[in-house]
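Asker: Could you have a look at this structure, given as structure tokens, before my questions?
The values are calculated or read from the model by the stated rules, or taken from the named source; none is laboratory data. Predicted, not measured: the structure shown is a model, and the values here were computed from it. Cβ placement follows ideal geometry from the backbone for every residue including glycine, while neighbour counts extend to all protein chains displayed. These area figures cover heavy atoms from the full protein model, side chains too; ligands, DNA and RNA do not enter into them. Shrake-Rupley method; radii C 1.70, N 1.55, O 1.52, S 1.80 Å.
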Amino acid sequence: MSDNIIEMINIWKIYSNGFIANRGINFSVKTGEIHGLLGENGAGKSTLMNILFGFEKATEGKIIYKNSEVHNYNADRAINMGIGMVHQHFMLVPSLTVVENIILGIEPRKGFSTDITKAEKFVSEEMKKYGLPVPLDEKIKNITVGMRQRVEILKTLVRGADLIILDEPTAVLTPQETSELFTALRTLTEKGKTIIFITHKLGEIKEIADRITVLRKGAVVGNAQVNDLTEKDISKMMIGRDVELKIKKNPVKAGEKIMEIKNLSFTGNDGIKKIKNISFSIREGEITGIAGIEGNGQTELVSVITGMSAIQSGEIKFMDKNYDNTEKLRKAGMSYIPADRMEIGVSENNSLEENLISDRFKTKEFSKFGILSYKTIKNNALDKIKKFDIRTDSYKSPVKMLSGGNIQKAVVAREFTSGAKFIVADQPTRGIDIAAADFIRRLLVKEREKKVGVLLVSADLTELIEVSDRIIVMYKGEITAKFDDLKKVDESVLGEYMLGIKRMNTEEIGDLE
Amino acid sequence: MNQMNNTLNGIFSWDFISAGIRVTTPVLLAALGALVADLAGTPNIALEGIMLFSAFVGVITSAFTGSLFIAFIAGILTGAVMAAILAYFSLKLKTDIIMAAIAINIFSSGGTIFALSVLTGDKGSSASLKSYVFPSVTIPIIDKIPVLGDILSGHHIITYIAFIMIFVVHYILYKTPLGLRIRSVGESPKAAKSVGISVMKTQFTALIISGVLASLGGLFLSMGYVSWFAKDMTAGRGFIALAAQALGGSSAYGVALGSVLFGFSEAASYSLQFMNIPYEITQSIPFLITVAALAFYAWKKINYIKKIKNNIRK
């Protein structure tokens with residue numbers, strides 16, 4: 001008898017195209033612990049967890065759950081055995097209530113009807129037992145992201161999960177919500193549940209995990225008690241070399257105003273006012289960071305600034321001129337790294353080489369008399385692949401075949417080589433591995449030293465504080481705080497302004513020019 | 001002038017209300033079918049064809065077997081089978097559901113005429129066959145009450161079924177596990193799948209329910225409203241039902257209201273035929289009302305958004 005709840009022994013996963021995702025992985029989790037699973041994108045974490053959750057079949061290997069080997073494994077079996085998974089993208093139905101979402105698929109019945117009274121009673125018992133309060137009758141679309149995550153955890157608990165897999169659970173949370181989540185996770189382990197915690201964030205692992213397993217290139221590179229390690233050790237294990245965690249920034253003096261936003265307001269299609277009369281400027285050689293919980297107007301701000309949405313009221317001047325569409329703004333010297341790289345950043349079915357020129361195919365360099373010159377396009381692609389370390393089988397591969405980090409590198413390769421004077425970077429490192437994220441952050445800082453103005457919107461507060469020269473906080477469509485001296489700012493301070501607990505008055509905010 | 005008075009009397013008489021209820025019946029049944037399918041994320045625009053084919057099969061079966069019961073079952077089975085075919089093509093073979101439904105509608109129009117001519121030698125109607133109609137129901141006590149008796153009592157049994165179905169459909173959609181699953185599958189199939197619900201099975205079930213409801217509407221047309229089958233006798237009711245559903249949104253009661261609107265406007269168009277208005281105009285009234293109602297609905301929605309915007313500005 002061992003005290004491991006799960007043991008995965010010698011797991012191999014070889015896809016039909018010959019790609020090896022897992023190379024003889026041994027992975028075990030002790031009952032009642034919080035186990036961190038780390039690795040860069042493409043390291044094999046997702047594959048391993050999909051095998052554990054029964055979504056995919058291992059090519060070879062054994063799974064031992066609670067000391068007995070499991071055969072004929074699939075997702076239903078996994079749920080029945082007591083394995084639950086909280087996906088990174090929540091699996092909830094927005095217009096149904098919390099309780100309806102929780103009981104979906106396992107509805108208690110009374111005659112033909114759903115026994116909603118019984119369901120509410122049962123769910124609220126679980127809720128109290130694990131300290132995860134949620135409003136049962138509220139619709140999902142009306143509750144916060146942190147609440148939704150609780151609903152997801154409750155869903156697994158109601159289904160009798162003993163082992164809960166959380167896939168990057170903090171990616172969408174504020175620092176306050178994160179600390180609430182951590183408290184809840186500790187309560188869960190006290191009550192005998194076991195948790196696998198997948199993340200990129202090293203600080204969190206130090207804080208919450210008991211033990212970690214680190215994967216690299218499909219194999220286990222380390223397995224240790226967290227107390228024995230420093231953040232540097234862990235990042236070294238993940239990347240295989242030392243990473244300088246702090247970015248060195250040479251002082252640059254902010255120059256002329258490059259973008260000027262005056263009294264901007266914006267109302268969304270749902271009739272809700274997303275931006276309420278805000279004014280600020282972005283200068284040459286300065287990185288202005290925007291902090292805010294998703295849905296507080298940042299998306300709309302970026303959309304209007306980049307010309308993707310029309311200006312409804314107020315004025316935006318780019319180098320003292322007004323523009324009304326993205327193409328003209330780009331021609332005038334704007335670059336844009338969109339948050340949704342698959343939707344806006346690339347054309348997923350087109351090849352890498354084509355995506356690398358999608359903003360400049362009309363130039364003389366790449367087309368003559370309306371006909372594309374594929375020779376220069378190819379050379380351009382080969383050059384970018386080398387300079388930006390884009391990992392791909394071929395420059396002709398459709399972009400969707402690349403990993404998330406490499407797709408983002410392709411976007412960055414295009415946007416950073418257009419000779420821009422102003423870069424809008426919206427969540428430039430979301431969902432990509434540490435090494436690629438680090439690379440992109442350094443590029444942003446480098447551009448700044450070339451006197452380029454940068455607007456950085458990011459949910460990763462560490463990144464925001466590290467990269468930006470000043471930070472503006474947006475809350476419910478307004479600017480509620482500004483920080484010029486980022487040495488004095490940490491994540492929890494930003495968090496309080498982001499949640500609306502605190503706000504600065506106009507004098508405290510001061511000059512936004 | 002006299003004529004006009006007659007007409008107005010016709011419109012505002014109790015008989016008119018009774019006629020309205022009768023004309024509402026097929027639209028209501030099909031619209032409830034549209035609602036179930038729509039909430040499951042598989043809009044069923046084959047309602048027109050399903051109604052038509054069921055109307056045909058009901059008449060033919062009753063003529064050849066002499067049994068109303070067998071005709072009823074055959075009609076419903078026709079609806080279920082045709083919905084199953086639509087489901088098989090769109091869910092299993094992944095054809096576009098709109099394309100598959102258009103195919104079914106075209107097939108039904110031609111197929112019924114072809115079968116009719118083979119069976120009766122007539123390409124226009126089944127008048128030569130001796131077929132049956134579903135009985136009317138006299139509600140005891142109520143039928144003795146003056147006005148109310150005229151309005152509520154004496155309708156065909158399917159009319160009563162149709163109005164009961166409003167509550168049945170509401171119950172299924174909002175009070176049963178099946179309804180919860182239908183709504184979840186229609187809104188976020190991924191979420192439903194992640195908790196072990198079979199998206200395909202749920203959508204299949206929803207389409208079958210919508211097919212059966214539409215088939216009841218078809219049976220009413222050929223075995224209640226009139227007592228024969230005529231080519232293309234559904235005359236766009238399946239599409240009007242879609243409009244009624246769009247008006248009613250996701251509520252069975254709203255859909256019922258939408259259907260009543262169209263039913264009564266159609267009844268009005270029949271009454272107006274007694275005036276010296278060309279029948280092409282009177283017949284187009286229900287369709288004009290469809291357009292007007294949808295435009296009104298869109299206008300209301302836009303105004304609602306404007307109102308919210310204004311409130312925020314204040």
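Asker: Can you find even one residue in the range B:100-120 that is closer than 28 Å to B:Leu35 by Cβ and either outside any helix (DSSP H, G or I) or of a type in the set (Phe, Trp, Tyr) (or both)?
Answerer: Checked against the condition, which is being closer than 28 Å to B:Leu35 by Cβ and either outside any helix (DSSP H, G or I) or of a type in the set (Phe, Trp, Tyr) (or both), the range B:100-120 yields at least one hit.
Asker: So, one more: Could you say whether any residue in the range B:82-91 is open to solvent by 40 Å² or more (accessible area, probe 1.4 Å), over 16 Å from B:Leu213 (Cβ atoms) and among the hydroxyl-bearing types (Ser, Thr, Tyr)? Before you say what the answer is, go through the steps one by one.
Answerer: In the first step, residues of the range B:82-91 are kept if they are open to solvent by 40 Å² or more (accessible area, probe 1.4 Å); the result is B:85, B:88-89.
Narrowing the set further to residues that are over 16 Å from B:Leu213 (Cβ atoms) leaves B:85, B:88-89.
Add one more test, that the residue is among the hydroxyl-bearing types (Ser, Thr, Tyr), and what stays is B:88.
Yes, the range B:82-91 has at least one match.
Asker: When you scan the range A:252-268, how many residues do you find that are surrounded by 13 or more Cβ atoms within 10 Å (Cβ to Cβ), closer than 30 Å to B:Ile302 by Cα and at pLDDT 90 or above?
Answerer: Looking only at that region, the number is 5.
Asker: Residues to consider are B:Ser250, B:Ser222, B:Ser184; find the one that is within 14 Å of another protein chain (Cβ to nearest Cβ), open to solvent by less than 50 Å² (accessible area, probe 1.4 Å) and either outside any loop (DSSP other than H, G, I, E, B) or at pLDDT below 95 (or both). Full working, then the answer.
Answerer: Values: B:Ser250 fails: open to solvent by less than 50 Å² (accessible area, probe 1.4 Å); B:Ser222 fails: within 14 Å of another protein chain (Cβ to nearest Cβ).
Exactly one of B:Ser250, B:Ser222, B:Ser184 is within 14 Å of another protein chain (Cβ to nearest Cβ), open to solvent by less than 50 Å² (accessible area, probe 1.4 Å) and either outside any loop (DSSP other than H, G, I, E, B) or at pLDDT below 95 (or both), namely B:Ser184.
Asker: Conditions first: (1) assigned to a helix (DSSP H, G or I); (2) over 19 Å from B:Ala256 (Cβ atoms); (3) open to solvent by less than 50 Å² (accessible area, probe 1.4 Å); (4) more than 14 Å from chain A (Cβ to nearest Cβ). B:Phe134 passes all but one, so which condition is the exception?
Answerer: B:Phe134 satisfies every listed condition except (1).
Asker: Then there's this: Working only within the range B:173-226, note down all residues that are of a type in the set (Lys, Arg) and over 18 Å from A:Leu92 (Cβ atoms).
Answerer: Filtering the range B:173-226 for residues of a type in the set (Lys, Arg) gives B:175, B:181, B:183, B:190, B:193, B:201.
Passing the criteria: B:Lys175, B:Lys201.
Asker: Would you mind stating whether B:Gly236 is away from chain A (no Cβ under 13 Å) and either over 18 Å from B:Gly58 (Cβ atoms) or not hydrophobic (A, V, I, L, M, F, W, C) (or both)? Outline the logic, then answer.
Answerer: Numbers: away from chain A (no Cβ under 13 Å): yes; either over 18 Å from B:Gly58 (Cβ atoms) or not hydrophobic (A, V, I, L, M, F, W, C) (or both): yes.
Against the criterion (away from chain A (no Cβ under 13 Å) and either over 18 Å from B:Gly58 (Cβ atoms) or not hydrophobic (A, V, I, L, M, F, W, C) (or both)), B:Gly236 qualifies.
Asker: Here is a further query. Do we have any residue at all in the range B:155-167 that's within 14 Å of chain A (Cβ to nearest Cβ) and either hydrophobic (A, V, I, L, M, F, W, C) or surrounded by fewer than 16 Cβ atoms within 10 Å (Cβ to Cβ) (or both)?
Answerer: Taking the range B:155-167 and keeping what is within 14 Å of chain A (Cβ to nearest Cβ), we get B:167.
After this cut, where a residue has to be either hydrophobic (A, V, I, L, M, F, W, C) or surrounded by fewer than 16 Cβ atoms within 10 Å (Cβ to Cβ) (or both) as well, the list is B:167.
Yes.
Asker: Consider only pairs whose beta carbons are under 6 Å apart and that are at least six residues apart or on different chains; among these, list those whose first residue lies in the range A:434-450 and is modelled with pLDDT of 90 or more and whose second residue is of a type in the set (A, V, I, L, M) and assigned to a helix (DSSP H, G or I).
Answerer: Listed by first residue and then by second, the contacts come to A:Ile440/A:Val412; A:Arg441/A:Val467; A:Leu444/A:Val467.
Asker: Among the listed residues B:Ile104, B:Ile113, B:Ile97, identify the single one that is open to solvent by less than 50 Å² (accessible area, probe 1.4 Å), of a type in the set (Val, Ile, Thr) and in contact (Cβ under 8 Å) with a residue 60 or more places away in the chain.
Answerer: Working: B:Ile104 fails: in contact (Cβ under 8 Å) with a residue 60 or more places away in the chain; B:Ile97 fails: in contact (Cβ under 8 Å) with a residue 60 or more places away in the chain.
Sole residue among the options that is open to solvent by less than 50 Å² (accessible area, probe 1.4 Å), of a type in the set (Val, Ile, Thr) and in contact (Cβ under 8 Å) with a residue 60 or more places away in the chain: B:Ile113.
Asker: Across the range A:157-179, what is the total count of residues that are under 15 Å from A:Met91 (Cα atoms), within 13 Å of another protein chain (Cβ to nearest Cβ) and open to solvent by less than 10 Å² (accessible area, probe 1.4 Å)?
Answerer: 1
Asker: Condition test on B:Ser227, is it open to solvent by 10 Å² or more (accessible area, probe 1.4 Å), of a type in the set (Gly, Ala, Ser), closer than 27 Å to B:Gly66 by Cβ and assigned to a loop (DSSP other than H, G, I, E, B)? Spell out the reasoning first.
Answerer: Numbers: open to solvent by 10 Å² or more (accessible area, probe 1.4 Å): yes; of a type in the set (Gly, Ala, Ser): yes; closer than 27 Å to B:Gly66 by Cβ: yes; assigned to a loop (DSSP other than H, G, I, E, B): yes.
Against the criterion (open to solvent by 10 Å² or more (accessible area, probe 1.4 Å), of a type in the set (Gly, Ala, Ser), closer than 27 Å to B:Gly66 by Cβ and assigned to a loop (DSSP other than H, G, I, E, B)), B:Ser227 qualifies.
Asker: Out of the residues in the range A:331-356 meeting the condition of being touching a residue at least 40 places away in the same chain (Cβ under 8 Å), under 26 Å from the mean Cα position of the chain (by Cα) and assigned to a loop (DSSP other than H, G, I, E, B), tell me which one is surrounded by the fewest Cβ atoms within 10 Å (Cβ to Cβ).
Answerer: Per the stated criteria, the residue is A:Asn349.
Asker: For the range A:416-476, give me every one of the strands (runs of 3 or more DSSP E) that falls completely inside it and has 1 or more residues that are among the small types (Gly, Ala, Ser). Working first, answer last.
Answerer: Details: elements: A:422-426, A:453-457, A:470-475.
Those strands (runs of 3 or more DSSP E) span A:422-426, A:453-457.
Asker: Of the residues in the range A:92-105, how many are open to solvent by 10 Å² or more (accessible area, probe 1.4 Å), in contact with a strand residue (DSSP E or B) (Cβ under 9 Å, 6 or more places away or on another chain) and facing another protein chain (nearest Cβ under 9 Å)?
Answerer: The first filter runs over the range A:92-105 and keeps only residues open to solvent by 10 Å² or more (accessible area, probe 1.4 Å), leaving A:92, A:94-95, A:97, A:100, A:105.
Going one step further and asking which of them are in contact with a strand residue (DSSP E or B) (Cβ under 9 Å, 6 or more places away or on another chain), we end up with A:94-95, A:97, A:100.
Then keep just the ones that are facing another protein chain (nearest Cβ under 9 Å); that gives A:94-95, A:100.
Residues flagged as open to solvent by 10 Å² or more (accessible area, probe 1.4 Å), in contact with a strand residue (DSSP E or B) (Cβ under 9 Å, 6 or more places away or on another chain) and facing another protein chain (nearest Cβ under 9 Å) within the range A:92-105 amount to 3.
Asker: Would you mind finding the one in A:Pro135, A:Pro108 that is more than 14 Å from every other protein chain (Cβ to nearest Cβ) and at negative phi? Full working, then the answer.
Answerer: Details: A:Pro108 fails: more than 14 Å from every other protein chain (Cβ to nearest Cβ).
On inspection, the qualifying residue turns out to be A:Pro135.
Asker: Given the condition in contact with a helix residue (DSSP H, G or I) (Cβ under 6 Å, 6 or more places away or on another chain) and touching a residue at least 40 places away in the same chain (Cβ under 8 Å), answer yes or no: does some residue in the range A:178-189 qualify?
Answerer: So the first thing to find is which residues in the range A:178-189 are in contact with a helix residue (DSSP H, G or I) (Cβ under 6 Å, 6 or more places away or on another chain), and the list is A:182.
After this cut, where a residue has to be touching a residue at least 40 places away in the same chain (Cβ under 8 Å) as well, the list is none.
Looking through the range A:178-189, none of the residues is in contact with a helix residue (DSSP H, G or I) (Cβ under 6 Å, 6 or more places away or on another chain) and touching a residue at least 40 places away in the same chain (Cβ under 8 Å).
Asker: Okay, next question. Which of the residues that make up the range A:155-205 are in a strand (DSSP E or B) and of a type in the set (Asp, Glu)?
Answerer: Listed by number, the list holds a single entry, A:Asp167.
Asker: Determine, yes or no, whether B:Tyr279 is closer than 25 Å to B:Ala30 by Cα, open to solvent by 60 Å² or more (accessible area, probe 1.4 Å) and either within 23 Å of the chain's Cα centre (by Cα) or not hydrophobic (A, V, I, L, M, F, W, C) (or both). Walk me through it before giving the result.
Answerer: Working: closer than 25 Å to B:Ala30 by Cα: no; open to solvent by 60 Å² or more (accessible area, probe 1.4 Å): yes; either within 23 Å of the chain's Cα centre (by Cα) or not hydrophobic (A, V, I, L, M, F, W, C) (or both): yes.
Answer is no for this residue.
Asker: Looking at A:Gly271, A:Gly285, which one is over 24 Å from the mean Cα position of the chain (by Cα), open to solvent by less than 10 Å² (accessible area, probe 1.4 Å) and within 14 Å of chain B (Cβ to nearest Cβ)? So that I can check it myself, show each step before the final result.
Answerer: Details: A:Gly285 fails: within 14 Å of chain B (Cβ to nearest Cβ).
After ruling out the rest, the residue left standing is A:Gly271.
Asker: Let me ask something else about it. Restricting to the range A:56-85, and then to whatever is at the interface with another protein chain (Cβ under 10 Å from one of its Cβ atoms) and surrounded by 18 or more Cβ atoms within 10 Å (Cβ to Cβ), can you tell me which residue is farthest from A:Leu181 (Cα to Cα)? It would help to see each step written out before you state the result.
Answerer: Of the residues in the range A:56-85, the ones at the interface with another protein chain (Cβ under 10 Å from one of its Cβ atoms) are A:75-76, A:79-80, A:85.
Checking the rest, the ones that are also surrounded by 18 or more Cβ atoms within 10 Å (Cβ to Cβ) come to A:79, A:85.
On the way: A:Ile79: 22, A:Met85: 15 Å.
Among those that are at the interface with another protein chain (Cβ under 10 Å from one of its Cβ atoms) and surrounded by 18 or more Cβ atoms within 10 Å (Cβ to Cβ), it is A:Ile79.
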